[in-house]
Structure formats: structure tokens, C-alpha cells
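Q: Can you keep this structure in mind? I'll have questions shortly.
The values are calculated or read from the model by the stated rules, or taken from the named source; none is laboratory data. Keep in mind the model is a prediction, meaning the values are calculated, not measured. With ideal geometry, Cβ positions are generated from the backbone for all residues, glycine too; neighbour counts draw on all protein chains shown.
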Amino acid sequence: MTGPVRIPDAAARPRTGRRPADARRALQLALATLWLLDGLLQLQPFMFSRAFATQVLAPAAHGNPGPVAVPVLWAAALVGHHPAALNAAFAVGQLLLGLGIAWRPTVRVALAASVAWSLTVWWLGEGLGSVLTGRAGVLSGAPGAVVLYALLAVLVWPTDRDGPFQAARAVGVTAARVLWLLLWGGLAFLTLQPADTAPQYLHDVIADRAPDRPGWLGSVMDHAAALTAHRGLAASLVLAALLVAVAVAVLLPASAHRVLIVVAVVVAALVWVVGEGLGGMIGGQATDPDSGPLLALIALAYWPGASAAPAPVRVPVGRGRAAS
């Protein structure tokens, strides 16, 4: 007697011959686009000068403990001695990461390489996002854009595993929830640091980045700075409350989960526009679009409703002829 034969569910197959929409692939392509953008930003003239090392890399050591600061200063000195050659290598490497993620046959290799590269740059180029200095805040780009590249690469890893949202398919539900809680809960914690709750902290963070922005963006940032002037504690408490609400989203039913994912995307957009000034990409000295877009993409990876390919239907045979 033969066993059951597994055949795909006919109702689950697309009838047009086209592949169904793949949310995971869309997130991968979004990540690839950001890597390509990073590579293009790295080709700006400023990046080929010693100023890139002295004005962008070396300041990341400020306020960090010695084991973090010393390697940052070493890396800055190395780039300062060979700015053109090393920066060209950085740009080509990031472009290759973007192309590798965009091309299906190399997506796994490119995602793995992007994690290794991101963690290296997070330390040597960003000083661990200044999270150990007591001065890092969500509006100033914490925990560092480049470490979010690594996190997103992990969350969109190709897999056939099922899950309630895309991130869970890559690492499992429990691990995905822990990563989400660590990210958004960590941002809430950083928002409540003494430096971040000072009366003028939020005002100064926004105002310091407003002058070199184009007119409309500078105006938006100026209004936001005026709104938070001398209200640092109250504004930080409101922001922290939103971040805590977002952090617990993955523990709630799907309906509340969806609402708070929307809140997370809105918070990411506000951070990107008001706090980061669109990552400063118009000024000619930005190395990446900053943390806002990455936070939004990570939030979308947690949107409820993801599932793997439909399970095949088990049809028993061998006990008679099928009806025709």
C-alpha cells in the first residue's frame, strides 16, 4: 500500500502565472536600496578628504570608555592617512552589498557580509552609537544607524519557516519579540537619561541640525525646536511613553499590535524629519540616511499577518480510484 501523496493546494496557487507578493523580498530590496544609497553618499567629495576622518570618525570616540574609544581613534587615524583609497573601498563595498542583496542568488552571502560590516562600522565608525556615553538619544540617531542595518539583515533572512510576522519567520517568535523589546525599550531607556531630560536637550539637538537644511525643512525643525524649548523633561516623558507602548506591541493581540506598528512608523518618520533632518543627506557630509528609515523598515518586518508558503495538501491514495 502506498503512502499519501503531497500535492500543492490548487486554491493557493496563483492563477495568473505570476508569483504572489513577497513582503520579505520587498524588505530585502528596501535594505539593498539603502546600502546602494550609502555607497553613493560615500562617493561625495568630502569623504575623500582627511576631514572625513577628523570631523566624522574621530568625534565618535568622545565620551566613550577607553576600550571603545581607542580603536575608534586608530581607525580614524588610518583613514586620515589614506582617505582616497580607503573611502573608495568603503564605497565599492557598500555598493556591492546592495547589489548582492538585490540579486537573489547572492542574497544570503550579502546579508551575512552586511551584518559583519555593520557591526564593524558601528564600533569603529560610530563608537557604538554613543550609547555608552550617556548622551545618546533617539532624536540624535541612537542606537546608531549602522547597527540597525545588521538587525534588519537578520530579520529578513531568507527562510521557509512560518510565523505571525516576517521577523518571526527568520529567528522565531520568541527571539523576534526579544529583539523588538530590546530595541524600542532600549530607546525608551536612552530617552530618560539625565542628559536627555535636561530642559534644553531636545531643543538643542533639533536646533543644532536645522541651520544647514533647506528652507522648508529648516522651518519645520525650527518650529519643533521652539516647541521643545525649556520643555525637555515633559517632551522626553511623552516620547518615552510612546516608545514603551511601541515596545510592548509584540505582546498584544493583532489588532493592537497593528496600531502600535503604525505608531512606530510615525515615530520613526518624526525622528527622521525633526531630529535627523532627513539624515543630513543634502549637506554633502552624510554617510547614511540615519536611523529613521531603518526603524520604519524594522517596524514593517513586525507587521502581523506574515506566513510561509501554504502547506501542501495530503491526499491519500492506494485505497481505490479517485472519482473523476
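Q: Only one residue in Ala61, Ala51, Ala102 is under 18 Å from Gln285 (Cα atoms) and either touching a residue at least 40 places away in the same chain (Cβ under 8 Å) or surrounded by fewer than 17 Cβ atoms within 10 Å (Cβ to Cβ) (or both), so which one is that?
A: Working: Ala61 fails: under 18 Å from Gln285 (Cα atoms); Ala102 fails: under 18 Å from Gln285 (Cα atoms).
Among Ala61, Ala51, Ala102, only Ala51 is under 18 Å from Gln285 (Cα atoms) and either touching a residue at least 40 places away in the same chain (Cβ under 8 Å) or surrounded by fewer than 17 Cβ atoms within 10 Å (Cβ to Cβ) (or both).
Q: In contact with a Leu (Cβ under 6 Å, 6 or more places away or on another chain), surrounded by 18 or more Cβ atoms within 10 Å (Cβ to Cβ) and within 22 Å of Tyr302 (Cβ to Cβ): which single residue out of Ala264, Ala240 fits that description? Spell out how you get there, then give the answer.
A: Working: Ala264 fails: in contact with a Leu (Cβ under 6 Å, 6 or more places away or on another chain).
Criteria check complete, one pass: Ala240.
Q: Related question: Using the structure shown, decide if Arg319 is at pLDDT below 85, over 25 Å from Ala136 (Cβ atoms) and not in a loop (DSSP other than H, G, I, E, B).
A: Details: at pLDDT below 85: yes; over 25 Å from Ala136 (Cβ atoms): yes; not in a loop (DSSP other than H, G, I, E, B): no.
So Arg319 fails the test.
Q: Restricting attention to segment 152-182, report how many residues are under 27 Å from Ala60 (Cβ atoms) and either over 14 Å from the mean Cα position of the chain (by Cα) or surrounded by fewer than 21 Cβ atoms within 10 Å (Cβ to Cβ) (or both).
A: Summing the residues that are under 27 Å from Ala60 (Cβ atoms) and either over 14 Å from the mean Cα position of the chain (by Cα) or surrounded by fewer than 21 Cβ atoms within 10 Å (Cβ to Cβ) (or both) in segment 152-182 gives 4.
Q: Here is a list: Gly129, Gly93. Which entry is assigned to a helix (DSSP H, G or I) and on the phi > 0 side of the Ramachandran plot?
A: Values: Gly93 fails: on the phi > 0 side of the Ramachandran plot.
Gly129 is the lone residue from the list that is assigned to a helix (DSSP H, G or I) and on the phi > 0 side of the Ramachandran plot.
Q: Oh, and also: Look through Arg213, Arg169 and report the one residue that is charged (D, E, K, R) and more than 29 Å from Gly283 (Cβ to Cβ). Explain how you work it out, then say what you get.
A: Values: Arg213 fails: more than 29 Å from Gly283 (Cβ to Cβ).
Being charged (D, E, K, R) and more than 29 Å from Gly283 (Cβ to Cβ) holds for just one of Arg213, Arg169, which is Arg169.
Q: Go through (1) closer than 23 Å to Gly232 by Cβ; (2) outside any helix (DSSP H, G or I) one by one and return the number of the condition Thr159 breaks.
A: Unmet condition: (1).
Q: Identify, please: which residue in segment 131-148 is more than 17 Å from Trp184 (Cβ to Cβ) and in contact with a helix residue (DSSP H, G or I) (Cβ under 7 Å, 6 or more places away or on another chain) and is, among those, surrounded by the most Cβ atoms within 10 Å (Cβ to Cβ)? Don't jump to the end; show me each part of the working.
A: So the first thing to find is which residues in segment 131-148 are more than 17 Å from Trp184 (Cβ to Cβ), and the list is 132-135, 146.
Filter once more, so that each one left must be in contact with a helix residue (DSSP H, G or I) (Cβ under 7 Å, 6 or more places away or on another chain): 132, 146.
Details: Leu132: 15, Val146: 23.
Among residues in segment 131-148 that are more than 17 Å from Trp184 (Cβ to Cβ) and in contact with a helix residue (DSSP H, G or I) (Cβ under 7 Å, 6 or more places away or on another chain), the one surrounded by the most Cβ atoms within 10 Å (Cβ to Cβ) is Val146.
Q: Check Leu111, Leu128, Leu97 and return the single one that is closer than 16 Å to Val56 by Cα, in contact with a Phe, Trp or Tyr (Cβ under 9 Å, 6 or more places away or on another chain) and touching a residue at least 40 places away in the same chain (Cβ under 8 Å). Quick ask: steps written out before the conclusion?
A: On the way: Leu111 fails: closer than 16 Å to Val56 by Cα; Leu97 fails: closer than 16 Å to Val56 by Cα.
Step by step, each of Leu111, Leu128, Leu97 is checked, and only Leu128 is closer than 16 Å to Val56 by Cα, in contact with a Phe, Trp or Tyr (Cβ under 9 Å, 6 or more places away or on another chain) and touching a residue at least 40 places away in the same chain (Cβ under 8 Å).
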